[in-house]
Number of protein chains: 2
Amino acid sequence: MPCITSVEVVDVRFPTSLTSDGSDAMNKDGDHSAAYVVLHTDAPGLAGHGFTFTIGRGTDLCVAAAAQRAEPLVGRDVDELCADLGGIYRELQSDSQLRWLGPDKGVIHLALAAVMNAVWDLAARRAGVPLWRLLSDMSPEQLVDAADLRYLSDVLTPAQAVQLLARQETGRKQRIAELEASGYPCYTTSAGWLGYSDAKLRRLCEEAVAAGYKHVKLKVGSVLADDIRRCGIAREVLGPDGNLMIDANQVWDVPQAIEWVKALAEFNPLWIEEPTSPDDILGHAAIRRAVAPIGVASGEHGMNRVLFKQMFQAGALDYCQLDAARLGSVNEVLAVYLLAACFDVPVCPHAGGVGLCELVQHLSIFDYVAVSGSLDRRVTEYVDHLHEHFVEPCEIRNGAYVLPVAPGYSAEMHTDSLQTYRFPDGTYWAQYADRPALP
Amino acid sequence: MPCITSVEVVDVRFPTSLTSDGSDAMNKDGDHSAAYVVLHTDAPGLAGHGFTFTIGRGTDLCVAAAAQRAEPLVGRDVDELCADLGGIYRELQSDSQLRWLGPDKGVIHLALAAVMNAVWDLAARRAGVPLWRLLSDMSPEQLVDAADLRYLSDVLTPAQAVQLLARQETGRKQRIAELEASGYPCYTTSAGWLGYSDAKLRRLCEEAVAAGYKHVKLKVGSVLADDIRRCGIAREVLGPDGNLMIDANQVWDVPQAIEWVKALAEFNPLWIEEPTSPDDILGHAAIRRAVAPIGVASGEHGMNRVLFKQMFQAGALDYCQLDAARLGSVNEVLAVYLLAACFDVPVCPHAGGVGLCELVQHLSIFDYVAVSGSLDRRVTEYVDHLHEHFVEPCEIRNGAYVLPVAPGYSAEMHTDSLQTYRFPDGTYWAQYADRPALP
């Protein structure tokens, strides 16, 4: 039986701040980065890959935390792990000394995500199927056992969760066939980073429409006059029927959010994303009441399932944008999908950064196949950056994710990429060895 | 003019798990620890000391994060820093790459607390006064400028905060005189750790009553029959008029919390503390409605001001137990005190661990002098452990904190203690060098 022989954690940083890729009103100079985990085994060719997404400084903290989180995995039997993916999650999560530093949030939780994402990748590879299929082949009882439902029973008990999944059990095969034909619909954020010029914005919007996208997202929240001009350009290119989304990346207080969004209402945005602190459940609910029919979207900084439970209880969200590398891996993602289905809120996962598109395609497919059974109001983010570093990059066709076929969670990076962008000693960063901060 | 010459951050861990000091239903084997920051200056005898409290593994993560957080302080003029304590907080907090790992929560926020606690200690030492007096001498406008009010303006604008502080400005001197005579009332948790035997529990309760305490707190939530027996012992010793508090340390889901607390209602507890996830604002509100007139207390894991804002908005708390080393230092603590005053919720700060009592005495005194102006329903935690490691330990007389007189925030640890308990190379831990985990 194969076993895990060692854990490797790599600090990998891409110098995206040089080109303003990923720039927004809160994050002006992110270097898209990852704490990247490899679970090595003694079976030839078998390893698990996972990561959490970061934006530069502090990636080292996630790397150190992931190494601690993963310690109990070394020496474990791979097949035993794969047979109890809920059990190993609960074991790693419940380290009470590390728990104190959260609980279930911040660096230790990002690290748990990185490690358990690698365990899920390993499980799917061991089964020889892509992750979405591994999940789609699990029974309602197996899925509920893997899901982290702690602190949720006032809204959703395990028995209710089984019932909810059982509703969609019969149609799974048919829905897989549908997606194999059409892909899973996505939208693009690549056009609208705040640091781009008007001319570049217009060109990228035109390219998006030509490529089959029906949704385009812009960053807003820095200067209102700029936002009005930029939204005007995007709306002109999209035409009246295209979907324009706007994203403020948490820069406003609640009253300011309401005022600013109303000033952009003439451009008929589908949603305002992250209008305020990601922790402000009641604030999101107040904004949603004030700006309707413009929708409210949030979740990329949604720290854990308890936050999402309350977002749904409070009627704070029109769109749930959970993050595959911020929540505690598939185990906690499952819980949020179940909660969202319970409250009939569509999940449109956050993606972009580095590798998030590779992960969320699996989750969206699984949601349609086995949880919500619906594509209504659902569209998954896609950002056209950094895919070249992945061994099995996601593939987009006609504005939709093509279903991955390779075994695993699509999380493996090329060895060359790791060697080049490992911080601070990869060949790219070694050029700046005297001055680790970018020029 | 003195300037900051270097930053030292120490991983210090005390082996409290050996004696079950601090044990509860969630944290069975904590080693009370700190990421301890020293800001060295070039002025003879002048340094700033601060820390965040941790319970063992992962302290190293906070140490590494604090070192990063503090980098911009090196070379700064001490008097300029002290003249703009709001500005330096906002500068350190707004590092957007580190912010991604929170925001305002988890390891990076604990680290901000440690660093900024040291800055406040430095400011009070430079002024030659204890921290409570430094704060009590600041004008409403100065206090509001120092407070972190971001994301709070739907409830409390800076102008409203100034008004709120102005209400109590005239009586400050008289209230200081009152506290100098009587001290600030406290309660003890030292009696009720979960790992203690019934005989030890009874003896410690008796000693607490004999020492003048009117409140005793027990840990609950592991086995209901044990809780019933232990609450019976404590109530018997306290008599019908003493105040018994119970603390579940987050072990229950919401429905279970309601059921368990109702089963202990016969012992007439004053409050149930941390009945469920510290993030569950709406859950605390539901529990509070269900178990009244038993109060609900929470806050030691309250991650930031946005959480507390919502706790108050939702009517979730009878007692706010903010933590001086989990919130982003005095800057964010000020915001929570202002919010609490706005909603008329008494603040009874969390203490214990290592050094928290030393810190919170300053905050409670300042609250009475300048914010709430009330002692009604207010009592500050006191735990009789680990004070011997502090240069100016807090002092208790007749169940009350005696007002500190030494300059600073009482945060400085003895050099001997650091040398002994520094992890992993202090003289205590070096004994276990082959096996860093405790026997």
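Give the long-range amide H neighbours of A:A35: residues separated by 5 or more places, or on another chain, with amide H under 5 Å away, using H modelled in the peptide plane at 1.01 Å from N.
For A:A35, the qualifying residues are A:T52, A:T54.
Give the order of B:M116, B:M26 when sorted by the count of other beta carbons within 10 angstrom, beginning with the fewest.
B:M26, B:M116
When the dipole is taken about the Cα centre of chain A, and only Lys, Arg (+1) and Asp, Glu (-1) are charged at their Cβ, what size is it in debye, to the nearest 20?
700 debye
What is the P(r) of chain A, as percent of Cα-Cα pairs per 10 Å bin from 0?
5, 22, 33, 27, 11, 2, 0
Projected onto the charge dipole of chain A (+1 at Lys/Arg Cβ, -1 at Asp/Glu Cβ, origin at the Cα centre), which of A:I246, A:L204, A:S33 gives the Cα projection farthest towards the positive end?
Highest projection toward the positive end goes to A:I246.
Among the lysines, select those whose C-alpha is under 25 Å from the C-alpha of B:K262, and discard any that sit fewer than 8 residues away in the same chain.
Within the straight-line limit of under 25 Å, B:K262 reaches these lysines: A:K309, B:K28, B:K214, B:K217, B:K219.
Check each of the chymotrypsin sites (Phe, Trp or Tyr not before Pro) in region B:8-69 and keep only those in coil by DSSP with at most 16 other C-beta atoms within 10 angstrom; list them in order.
Counting only loop positions with at most 16 other Cβ atoms within 10 Å, none of the chymotrypsin sites (Phe, Trp or Tyr not before Pro) in region B:8-69 qualifies.
How would you rank B:L282, B:L375, A:L122, going from fewest to most other Cβ atoms within 10 Å of each one's own Cβ?
Exposure proxy ranking, most exposed first: B:L375, B:L282, A:L122.
Could you check which residue among B:L224, B:L244, B:L165 shows the biggest mean-square fluctuation in a GNM of chain B with a 10 Å Cα cutoff?
Comparing B:L224, B:L244, B:L165 in a Gaussian network model of chain B, the most mobile one is B:L224.
Report the net charge of residues surrounding B:Q163, where surrounding means a beta-carbon distance below 12 angstrom and charges are Lys +1, Arg +1, Asp -1, Glu -1.
Neighbourhood net charge equals -1.
Report the residue of chain B with the smallest Cβ-to-axis distance, using the rotation axis that brings B onto A, in whole Å.
In chain B, the Cβ lying nearest the symmetry axis toward A is B:G106, 1.
Starting from region A:152-196, pick out the GluC sites (Glu not before Pro) whose DSSP state is loop and whose Cβ has at most 15 other Cβ atoms within 10 Å.
Hits after loop and neighbour filter: A:E169.
I need the inter-copy label distances for A:G232: point set 7 Å along Cα to C-beta, values in nm with one decimal, smallest first.
In nanometres, ordered from closest: 7.8.
Placing a label point 7 Å from Cα toward Cβ, how far apart in nm is B:V402 from its equivalents in the other copies, listed shortest first to one decimal?
Distances between equivalent label points, in nm: 7.8.
By count of other Cβ within 10 Å, fewest leading, how are B:Y196, A:Y382 ordered?
B:Y196, A:Y382
About the Cα centre of the protein assembly as shown, how large is the charge dipole given +1 on each Lys and Arg Cβ and -1 on each Asp and Glu Cβ? Please answer in debye to the nearest 20.
1280 debye
Net charge near B:G86, counting Lys/Arg +1 and Asp/Glu -1 over other residues with Cβ under 12 Å of its Cβ?
-4
For region A:43-192, just say rounded, prolate or oblate: build the C-alpha gyration tensor, square-root its eigenvalues into a ≥ b ≥ c, call rounded for a/c under 1.5, and beyond that prolate if a/b exceeds b/c, oblate if not.
rounded
Give me the net charge for the shell around B:G295: Cβ to Cβ below 13 angstrom, other residues only, Lys and Arg +1, Asp and Glu -1.
Counting the neighbours of B:G295, the net charge comes to +1.
Among A:Y409, A:F343, B:L165, which residue has its Cα furthest toward the positive end of the charge dipole of the protein assembly as shown, with +1 on Lys/Arg Cβ and -1 on Asp/Glu Cβ?
Value computed over the given set: A:F343.
When the C-alpha atoms of region A:172-415 are aligned to their principal axes, what extent does each axis show, in angstrom, from largest down?
48, 41, 36
Suppose a student asked you for the relative contact order of region A:172-415, using Cα pairs under 8 Å spaced at least 6 residues apart; what percent would you report?
Rounded, it is 20 percent for region A:172-415.
Could you work out [θ]222 nm for the protein assembly as shown from helices alone, using -39500 (n - 2.57) per DSSP H run of at least four and dividing by all its residues? Round to the nearest 500 deg cm²/dmol.
-12000 deg cm²/dmol
Which of A:A67, A:F267, B:V115 sits farthest toward the positive end of the charge dipole of the protein assembly as shown, with +1 on the Cβ of Lys and Arg and -1 on the Cβ of Asp and Glu?
A:F267
Taking the Cα centroid of region B:371-393 and of region A:339-408, what is the distance between the two, rounded to the nearest whole Å?
51 Å
With charges only on Cβ, +1 for K and R and -1 for D and E, what is the dipole size of region B:172-413 about its Cα centre, in debye, rounded to 20?
Dipole of region B:172-413, to the nearest 20 debye: 440 debye.
Other chains near A:22-35: what is the mean number of their Cβ atoms within 10 Å of each residue's Cβ?
That works out to 1 on average.
What whole-number volume per residue, in cubic angstrom, does the convex hull of the C-alpha atoms of the protein assembly as shown give?
It is 158 Å³ per residue.
Residues of region A:128-145 with backbone nitrogen within less than 17 Å of a virtual label 7 Å along the Cα-to-Cβ line of A:A406, please, listed as ranges.
Taking a point 7 Å out along Cα→Cβ of A:A406, the residues of region A:128-145 whose backbone N falls under 17 Å are A:128-134.
What are the nm distances, shortest first, from A:C3 to its equivalents in the other copies, labels at 7 Å along Cα→Cβ?
Result for A:C3, in nm, nearest copy first: 5.7.
Bear in mind these aren't lab numbers, they're just calculated from the coordinates by the rules spelled out. Since this is a predicted model, take the numbers as computed values, not measurements. Cβ coordinates were reconstructed from backbone atoms using ideal geometry, including for glycine residues, and neighbour counts include every protein chain displayed.
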